[in-house]
Amino acid sequence: MTNIHPFYHKETKCALCQQTFNTTKVRKSTIKVAGHDTDLKPIYEDGQINPSFYNVSVCRHCGYSFTEDFAPYFAPGTADVLRASISDHWVEQDYSGERTSSKAIKSFKLALYSGVLKKEKHLTLAGLALRIAWIYRDLGRNKEEKRFMSIAAREYEEAFSKEDVSAKMSEIKVLYLLGELNHKLGKFDKAVSFFSNVIERQRNSNEKQVIEMARERWHELRKHMKAQGQSA
């Protein structure tokens, strides 16, 4: 039986400079998830390629970087801002082919910067920041992981309060992530509040696993805070 090569190349057209370039993707059939971390980070089987390394397409010509979650249109003036801030300083680089952790982080940071300048939705920016935090976690770089978890938490909170997140992610999942990210950041009062919000909405959701995780976390945190003499 012939082994299926995990990578394939996709020709992509840059929405900013209109030029085409190759980007590398991972075949879904080759991805095997062994489980998930408490903040929903996928854990892949030993030796598996991390497909999220290839989420971002980086235009080799102008540096504009984006994912499939980016809106196809540009708000007035944002294309000019992107050209002035990125393209005018860009030295042509090819991000196709196999990516290291370092190259994946660079691609996500480029996409996060592009997304901020383009005024992408907060939910999209949160997802980018969270994935950067996940890669840093795998590298054992705690300070950088917390920095990007903090950015993700801020953007998820903005998304929940200002956007209709339901098109991309359920409100329950956003609230759960806000609880868990604040928990990991040591902001226990905020974490308890978000987990409580998940539990209060359980009747309107069929995401039983997320609700159960929120309930477990809520009990753990209340117990911890009482042991520390904090109000819960």
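The values are calculated or read from the model by the stated rules, or taken from the named source; none is laboratory data. Here the structure is a predicted model, which means the values were calculated and not measured. Positions of Cβ are backbone-derived with ideal geometry, glycine not excepted, and every protein chain shown enters the neighbour counts. When the accessible area is computed, the model is the full protein with side chains, heavy atoms only, and any ligands, DNA or RNA have been set aside. Shrake-Rupley method; radii C 1.70, N 1.55, O 1.52, S 1.80 Å.
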Scan the range 11-20 and give yes if some residue there is modelled with pLDDT under 95, over 29 Å from ILE172 (Cα atoms) and surrounded by fewer than 16 Cβ atoms within 10 Å (Cβ to Cβ), otherwise no. no
Of the residues PHE188, PHE195, which is without any contact (Cβ under 8 Å) to a residue 40 or more places away in the chain and surrounded by 15 or more Cβ atoms within 10 Å (Cβ to Cβ)? PHE195
What are the pairs, 6+ residues apart or on separate chains, where a residue within the range 92-108 that is on the phi < 0 side of the Ramachandran plot and among the charged types (D, E, K, R) has its Cβ under 8 Å from a residue that is assigned to a loop (DSSP other than H, G, I, E, B) and surrounded by 15 or more Cβ atoms within 10 Å (Cβ to Cβ)? GLU92/ARG60; GLU92/HIS61; ASP94/ARG60; LYS103/TYR95
Being under 14 Å from VAL174 (Cβ atoms), touching a Phe, Trp or Tyr at 6+ places or on another chain (Cβ under 6 Å) and not aromatic (Phe, Trp, Tyr) is the filter here; which residues of the range 186-229 pass it? VAL198, VAL210, ALA214
On the basis of being open to solvent by 40 Å² or more (accessible area, probe 1.4 Å), in contact with a helix residue (DSSP H, G or I) (Cβ under 8 Å, 6 or more places away or on another chain), farther than 18 Å from ALA133 by Cβ and touching a residue at least 40 places away in the same chain (Cβ under 8 Å), does PHE74 make the cut? yes
Residue satisfying all of: in the range 145-170; open to solvent by 80 Å² or more (accessible area, probe 1.4 Å) and in contact with a helix residue (DSSP H, G or I) (Cβ under 7 Å, 6 or more places away or on another chain); farthest from LEU128 (Cα to Cα) among these: LYS162
Could you check how many residues of the range 212-232 are surrounded by fewer than 17 Cβ atoms within 10 Å (Cβ to Cβ) and without any contact (Cβ under 8 Å) to a residue 40 or more places away in the chain? 13
